[in-house]
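Asker: Below is a structure I'd like to ask you about.
None of the figures in this text is laboratory data; all of them are computed from the coordinates on show. What you are looking at is a predicted structure, and each value in this text was computed from that prediction instead of being measured. Heads up, the Cβs are rebuilt from the backbone with ideal geometry, glycines too, and the neighbour counts pull from every protein chain shown.
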Amino acid sequence: MQHTNNQGKKLLPKVAYFCMEYGLHESLPLYAGGLGILAGDYLKSARDLNLPVIGIGILWRQDYTEQFIDLEGQPYDVYPTYNFDFLEDTDVYTQVNIAGEEVRLKIWHTNRHGNASLYLLDAGRPAMKHGNITARLYGGGPQERIAQEIILGIGGVRALRALGVEVDLYHFNEGHAVLAGLELIREKIEEQGLSFEEAWEETRQQVVFTTHTPVEAGNEKHSHHLLFQLGANNGLSYEQLVRLGGDPFNMTAAALRLSSLSNGVSEMHGKTARKMWNHISEKSPIISITNGVHAPTWQAPEIARAYETGGDLWQAHMEQKKELINFVQEKTGAQMNPDALLVGFARRAAAYKRSDLIFRNTSVIGPVIEEGKLQLIFSGKAHPDDDLGKSIIKDLVKMDRQYKDRVVFLENYNMEIARKIVRGCDVWLNNPCRPLEASGTSGMKAALNGVLNLSVLDGWVGEGLKHRVCGWLLDEHIPEDLQEADEDERDLHALYQILLEEVIPTFYNKREKWVEMMKASIEMAQSKFTSDRMLKEYYERMYLKVFREKILATK
Ligand SMILES: *Cc1c(COP(=O)(O)O)cnc(C)c1O
């Protein structure tokens, strides 16, 4: 896309994208999970497409967690600090006020991972006076979280001013960034003499918002008492804050009220979000822009080449599979069989993702594993304070120890592990409770590599995955007599049936059909689920739309 037309008139608005986490590469551990990976892929596609986007984030000095497994099979966390010398020092600082104290923020810059400019705010080393605030992503309680959100939101807008970067639109990726809206309002009141009402309306015309949370309880809320204590109100009154976010202050509700257009991250999630926020979103309609993944990051070049040139796709796949199996052997000592079916599942350990579903009836699945017809690789981290998540991991580790060489759990899930498994498995399993997976992106990465999705109908899946064409849908296999059973029981039944009657026979006996499905899978992912497509949609359906309306409003 061109940025200016022949008269030098600006065509594309410049966007500042605010996000708490960025997953650009495993060597820059500023991410916890899908939200961060999405933000990283977003910045990479912005760069590839030469779009005028910059990212605003926080330099977390410690890893979110490096999570290992002890001898009892229990996950434990360590938080190493990193040497971030490779970041560029902008030599620019800004500051925010937190609980009455001025906190000075250093601004770093990086674009070394093929990403559009990312500016990272830094309160210093953890041992420094305020350094603990930006020590660790999603660490600590509500006070720390609010302090971090002051830095991302208020500090983020001030960083743009300090750097002299002019932007047209502010994109809040998830509600964490919402205090940026309060800073935009404050600027307009103090610097342009606008009333609160006028400042709010002008701010709305500059802001778009993406929600990622399909459950009401998952939306972050804060007490006004704490917000005022920490100075997060940024000069606004209690009444004004309540008008934006209610009481308690709901970050998602406030983000909707501070933006003029919002989106959910898949068609299904858009619908869920519209239902959920129906009472708030009349001024900020919620559309759907489905997530996508950065193909050059996630797709093996050998797979891309074999697909493009009509080469031997199976051969290219086997190379990826062997690489994964070697990696597993180095990490764990387990010796998996490259000729046996390999099913992968790597995700954050959240109960709704049901990583243990496949083991619910070991009298069915146990013998298939023992026979050597089915191998499974798992990986995932639980949030350090999430005991339920850790017990899920512990159960998976138990399976790893029970079915030696056949079931493997890889500790310390990160982008490197993700890249290896989405390339090297044969099948990618996805069985969350519906409709809790807003989009999901690991299945897109797998599909790009010809790894076939075996999935429930949730998130992105309904927009591309055709049953028996490029994967399998559990929802196509719910028998009449189980219509009334609970979701776990129905899905378990469908999972076993498809696995035993379709996936395994096709894998071992119908290689041609399998390779046809691999091709269909790559075709689906390349045409529908790349972050290039996503970026174009953000420009065409959100940024340009809001930008034009803003220009009309100021004329
Ligand atoms: C892709 C990715 C995720 C997100 O996967 P989902 O399927 O959306 O849960 C999380 N963590 C890492 C390291 C990833 O690469």
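Asker: If we count every other residue with Cβ under 14 angstrom of residue 222's Cβ, Lys/Arg +1 and Asp/Glu -1, where does the sum land?
Answerer: -2
Asker: Order by neighbour count: 550, 404, fewest other Cβ atoms within 10 Å first, most last.
Answerer: Ranking 550, 404 by Cβ neighbours within 10 Å, fewest first, gives 404, 550.
Asker: Nearest 10 degrees, 0 to 90: what angle lies between the long axis of helix 179-192 and the longest principal axis of the chain (Cα atoms)?
Answerer: 20 degrees
Asker: Report, in listed order, any pair from 321/373; 331/404; 44/519 with a Cα-Cα distance greater than 19 Å.
Answerer: Going by Cα-Cα distance, 44/519 fall outside the 19 Å limit.
Asker: Cα atoms only, the stretch 295-529: Rg and Dmax in Å?
Answerer: My reading of the Cα-based Rg and Dmax gives 16.5, 48 Å.
Asker: How much mean residue ellipticity at 222 nm does the chain get from its helices, if each DSSP H run of length 4 or more adds -39500 (n - 2.57) and you divide by all residues, to the nearest 500 deg cm²/dmol?
Answerer: Mean residue ellipticity, 222 nm, calculated: -11500 deg cm²/dmol.
Asker: While we're here: For the stretch 407-555, what is one quarter of the convex hull surface built on the Cα atoms, given in nm²?
Answerer: 12.2 nm²
Asker: A follow-up question, please. In terms of modelled amide H atoms, which long-range or inter-chain residues lie less than 5 Å from the amide H of residue 58?
Answerer: 121
Asker: Ok, one more. Which whole-number percent is the relative contact order of the chain (Cα, under 8 Å, 6+ apart)?
Answerer: 14 percent
Asker: Once R0 is set to 25 Å, what does the formula 1/(1 + (r/R0)^6) return for the Cβ-Cβ distance between residue 79 and residue 228, expressed as a FRET efficiency to the nearest 0.05?
Answerer: 0.25
Asker: Could you compute the net charge surrounding residue 62? Neighbours are other residues with a C-beta less than 12 Å from the C-beta of residue 62; K and R count +1, D and E count -1.
Answerer: 0
Asker: Also: Around residue 114, under 9 Å between beta carbons, what's the net of Lys plus Arg minus Asp minus Glu among the other residues?
Answerer: Computed value for this residue: +2.
Asker: Using unit Cβ charges (K, R positive; D, E negative) and no other charged atoms, how large, in debye to the nearest 20, is the dipole of the chain about its Cα centre?
Answerer: For this selection, approximately 1180 debye.
Asker: Kindly write out, for the stretch 391-406 in residue order, the coupling ³J(HN,Hα) from the Karplus curve 6.51 cos²θ - 1.76 cosθ + 1.60 (θ = phi - 60°), rounded to whole Hz, with x marking Gly and Pro.
Answerer: These are the phi-based 3J(HN,Hα) values: 5, 4, 5, 4, 5, 5, 5, 4, 5, 4, 6, 6, 9, 4, 6, 10 Hz.
Asker: While we're here: Need the full-extension length gain, residue 398 to residue 127, defined as separation in residues times 0.36 nm minus the C-alpha distance. One decimal, nm.
Answerer: 93.8 nm
Asker: What list of ³J(HN,Hα) couplings, whole Hz, do you get for the stretch 154-162 from phi and the Karplus terms 6.51, -1.76, 1.60, once you set θ to phi - 60° and write x for glycine and proline?
Answerer: Karplus values, whole Hz, x for Gly and Pro: 5, x, x, 5, 5, 5, 4, 5, 5.
Asker: Treat each spin label as a single point 7 Å out from the Cα along the C-beta direction, and report the residue 457 to residue 487 distance in nm.
Answerer: Distance between the two pseudo-spin positions: 1.5 nm.
Asker: May I ask you to evaluate 6.51 cos²θ - 1.76 cosθ + 1.60, the Karplus curve with θ = phi - 60°, for each residue of the stretch 417-427 and list the ³J(HN,Hα) values in order in whole Hz, giving x for glycine and proline?
Answerer: Listing the rounded values in order: 4, 4, 4, 5, 7, 6, 8, x, 7, 8, 10 Hz.
Asker: Which of rounded, prolate or oblate describes the chain when judged by the alpha-carbon gyration tensor and an a/c cut-off of 1.5?
Answerer: Prolate is the answer for the chain, as a/c is 1.5 or above and a/b outweighs b/c.
Asker: Please give, to one decimal in nm, the separation of the simple spin-label points placed at residue 504 and residue 309, each 7 Å out from Cα toward the Cβ.
Answerer: Between residue 504 and residue 309, the simple spin-label model gives 3.8 nm.
Asker: Taking R0 as 41 Å, what's the FRET efficiency between residue 201 and residue 352 from their Cβ-Cβ distance, rounded to 0.05?
Answerer: In this case the efficiency is close to 0.60.
Asker: List the relative contact order of the stretch 295-529 as a percent without decimals, with contacts defined as Cα pairs under 8 Å and 6+ residues apart.
Answerer: 21 percent
Asker: Oh, and also: Could you give the length gained by full extension between residue 329 and residue 363, i.e. 0.36 nm per residue of separation minus their alpha carbon distance, to one decimal place?
Answerer: Stretched out fully, the residue 329 to residue 363 stretch lengthens by 9.5 nm.
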